[in-house]
Amino acid sequence: MNSTENQNPNASGEYMDTKEGSAYIRISPRHFARLRARGMIPAVRLSPHCVRFRRSDLDRMMARLAVGK
């Protein structure tokens, strides 16, 4: 593990911003924002302009929406 990873609390990749979250579930950032506005994607608000998303929440949402399940 390098020193940058030790200083970054998000080094494990558990939390993502909107751009990272939308790329993770392979949708556009705009569609990601729409889903969040509808309450379909749980968010962690750190400040009025800083919102993060848990990888586990995105995985759970995708499993719930999977076709045939």
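Being assigned to a loop (DSSP other than H, G, I, E, B), open to solvent by 70 Å² or more (accessible area, probe 1.4 Å) and either in contact with a Phe, Trp or Tyr (Cβ under 6 Å, 6 or more places away or on another chain) or modelled with pLDDT under 95 (or both) holds for only one residue in Met40, Met1, and it is Met1.
Among the residues making up region 44-69, those that are assigned to a helix (DSSP H, G or I) and in contact with a strand residue (DSSP E or B) (Cβ under 8 Å, 6 or more places away or on another chain) are Arg55, Leu58.
Taking the condition open to solvent by less than 80 Å² (accessible area, probe 1.4 Å) and at pLDDT 90 or above, does Leu46 pass? In short, no. Of all residues in region 20-33, those that are assigned to a loop (DSSP other than H, G, I, E, B) have Cβ atoms under 8 Å from Cβ atoms of residues that are open to solvent by less than 50 Å² (accessible area, probe 1.4 Å), 6 or more apart or on another chain, in Ile25/Phe32; Ile25/Leu58; Ile25/Met61; Ile27/Leu35; Ser28/Ser22.
The values are calculated or read from the model by the stated rules, or taken from the named source; none is laboratory data. Note that the structure is predicted; figures quoted are calculated from it, not measured. Cβ atoms come from the backbone with ideal geometry, glycine included; neighbour counts cover every protein chain shown. Surface areas here come from the heavy atoms of the whole protein model, side chains and all, with no ligands, DNA or RNA. Shrake-Rupley method; radii C 1.70, N 1.55, O 1.52, S 1.80 Å.
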